[in-house]
């Protein structure tokens, strides 16, 4: 398994740049910058969807695209871990039938089980996943 590496560089205060092997992003406080929990929820959505795509490929299910919305609430007490997280997966152009719909629902459930970031967050937060078909 390859070693994963990112770099972050900061200049005065909490404004910097995240540099990954294939992209860069502005991070920190202020307009146009990603905050830590933006990146965490984004990582969750990406990991979950990548895992979902692997599962539906094995099931030979087809769709045109998807939208993922992730909401969460941080606890007030320290450490301020997430209290709950809701992940809404909306499928666009899914090839549907009763069997396919059941396959998509199972894939959505399994993606939560096999996505490492989802599993990690589930140790501190109540996780909920919703699946919606938009055709």
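Examine the range 46-67 for a residue that is within 29 Å of residue 13 (Cα to Cα), touching a helix residue (DSSP H, G or I) at 6+ places or on another chain (Cβ under 6 Å) and outside the structural domain of residue 15 (by TED's automatic domain parsing), and state whether such a residue exists.
No: the range 46-67 contains no residue that is within 29 Å of residue 13 (Cα to Cα), touching a helix residue (DSSP H, G or I) at 6+ places or on another chain (Cβ under 6 Å) and outside the structural domain of residue 15 (by TED's automatic domain parsing).
Kindly provide the set of residues from the range 107-119 that are surrounded by 15 or more Cβ atoms within 10 Å (Cβ to Cβ), out of contact with any strand residue (DSSP E or B) (no Cβ under 7 Å at 6 or more places or on another chain) and either free of Cβ contacts under 8 Å to residues at least 60 places away in the same chain or not assigned by TED's automatic domain parsing to the domain that holds residue 85 (or both), ordered by number.
107, 110
Can you tell me how many residues within the range 67-94 are surrounded by 14 or more Cβ atoms within 10 Å (Cβ to Cβ) and over 19 Å from residue 38 (Cα atoms)?
Of the residues in the range 67-94, 3 are surrounded by 14 or more Cβ atoms within 10 Å (Cβ to Cβ) and over 19 Å from residue 38 (Cα atoms).
Per-residue answers, yes or no, for (1) modelled with pLDDT under 95; (2) at positive phi:
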{"residue": "57", "(1), (2)": "no, no"}
{"residue": "60", "(1), (2)": "no, yes"}
{"residue": "69", "(1), (2)": "no, no"}
{"residue": "78", "(1), (2)": "yes, no"}
{"residue": "91", "(1), (2)": "no, no"}
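Taking the residues in the range 10-24 that are free of Cβ contacts under 8 Å to residues at least 12 places away in the same chain and surrounded by 10 or more Cβ atoms within 10 Å (Cβ to Cβ) as candidates, determine which candidate is nearest to the chain's Cα centre (by Cα).
Residue satisfying both the conditions and the ranking: 24.
If we scan the range 48-62, do we find a residue that is in contact with a strand residue (DSSP E or B) (Cβ under 9 Å, 6 or more places away or on another chain), surrounded by 13 or more Cβ atoms within 10 Å (Cβ to Cβ) and under 24 Å from residue 5 (Cα atoms)?
yes
The values are calculated or read from the model by the stated rules, or taken from the named source; none is laboratory data. This is a predicted model, so every value here is computed, not measured. All Cβ positions, glycine included, derive from the backbone under ideal geometry; neighbour counts span all protein chains shown.
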